[in-house]
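Asks: Can you read through this structure? Questions will come right after.
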Amino acid sequence: MKPIHLLIAVVLSAAAPAAGAEDVPADTREAVAMPPLQRALVREEMIQNLATLNDLLGLIAAGKLAEAADRAERELGFASMGKHAARTQGMGPGRFMPDAMRATGFAMHEAASEFAKVARQGDRAAAYAALQPVTEACVACHVGYRLK
C-alpha cells in the first residue's frame, strides 16, 4: 500500500463513528411531501442543475460567456420553468412546495436569467459575481428543505 493510501485509510477510519453510535445529528430541514412522480422530477432536476452549474463555471473560465448565458437561461432561468407541465398535467413539483420553498426556487430562476444578461455583456468577473446569487438560492433551498 502506498504511504498516501495508508494515511487516507487511517484518517478515514479514525473519523468514522463507532459501530452502533447513537449520536447521529438530526436532520432539521423541513420535510416536503410530494407524489412519487413530482419527487422524482425534482431530484432529477436538482442533479441536472448541479451539472449545469458545473458546466457554467467551465464556460466562464474558458471565456465562452455567450454560450454560458444561453445555457443558463435555457436550463436554469425563466425559460426553464414549466417544463414538467405536460407530463404532470399542470401539477408540477412547485404545486407541492411550501410557499417559501417555491419562492426560493423562483429566486434561483430569476438569478439565472439575470446571470445570463450579465454574461452576455462579456465581463468575466461580472459573470462570476452574477452566478453567486444562483448558487445562494440553491444552498438556501437545500439547507431548509428535503423531500420525503
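Where a number appears in this text, it was derived from the coordinates with a stated rule and is not lab data. All figures in this text were calculated on a predicted structure; none of them were measured in a lab. Glycine gets a Cβ as well: all are built from the backbone with ideal geometry, and neighbour counts include every protein chain shown.
Asks: Treating only the Cβ of Lys, Arg, Asp and Glu as charged (+1, +1, -1, -1), what charge dipole size does the chain show about its Cα centre? Round to the nearest 20 debye.
Replies: Computed about the Cα centre, the dipole is about 340 debye.
Asks: Still on this structure, I have one more. Based on other C-beta atoms within 10 Å, arrange Asp23, Asp70 from fewest to most.
Replies: Asp23, Asp70
Asks: Same structure, new question: Looking at Gly90, Ala62, Val134, which one has the Cα that reaches farthest to the positive end of the dipole of the stretch 28-147 (charges on Cβ: Lys, Arg +1; Asp, Glu -1)?
Replies: Going by the charge dipole, the pick is Gly90.
Asks: List every residue whose amide H lies under 5 Å from the amide H of Leu147, counting only residues 5 or more places away in sequence or on a different chain, with H placed 1.01 Å from N in the peptide plane.
Replies: When sequence neighbours closer than 5 places are left aside, the close amide H contacts are Val32.
Asks: While we're looking at this one, here's another question. Kirkwood Rh, the stretch 28-147, all Cα pairs: how many Å?
Replies: 14.7
Asks: Would you please classify the overall shape of the stretch 79-137 from the alpha carbon gyration tensor, given that a ≥ b ≥ c denote the square roots of the eigenvalues, rounded means a/c under 1.5, and beyond that prolate means a/b larger than b/c while oblate covers the rest?
Replies: It comes out oblate by the Cα gyration axes.
Asks: Next question. Enumerate by residue number the trypsin sites (Lys or Arg not before Pro) in the stretch 46-129 meeting two conditions: DSSP loop (anything except H, G, I, E, B), and at most 14 other Cβ atoms within 10 Å of the site's Cβ. Walk me through the numbers before you get to the answer.
Replies: Numbers: sites: Lys64, Arg71, Arg74, Lys83, Arg87, Arg95, Arg102, Lys117, Arg120, Arg124; in loops: Lys64, Lys83, Arg87.
Listed in order of number, the matching sites are Lys83, Arg87.
Asks: Residues in the stretch 87-114 near a label at Ala33, defined as backbone nitrogen under 19 Å from the 7 Å Cα→Cβ point?
Replies: 91-102, by backbone N distance to the label point.
Asks: Could you work out the helix-only [θ] at 222 nm for the chain, with each DSSP H run of four or more residues adding -39,500 (n - 2.57) and the total divided by the number of residues, to the nearest 500 deg cm²/dmol?
Replies: About -21500 deg cm²/dmol.
Asks: Taking springs between alpha-carbon atoms closer than 10 angstrom, which of Gly63, Gly92, Gly77 fluctuates most in the Gaussian network model of the chain?
Replies: Gly63
Asks: Follow-up question, since we're still on this one. For Ala66 and Asp123, compute 0.36 nm times the residue count separating them, minus their Cα-Cα distance, and round to one decimal in nm. Present the calculation step by step, with values, prior to reporting the outcome.
Replies: Details: separation 57, 0.36 × 57 = 20.52 nm, distance 1.05 nm.
Length gained between Ala66 and Asp123: 19.5 nm.
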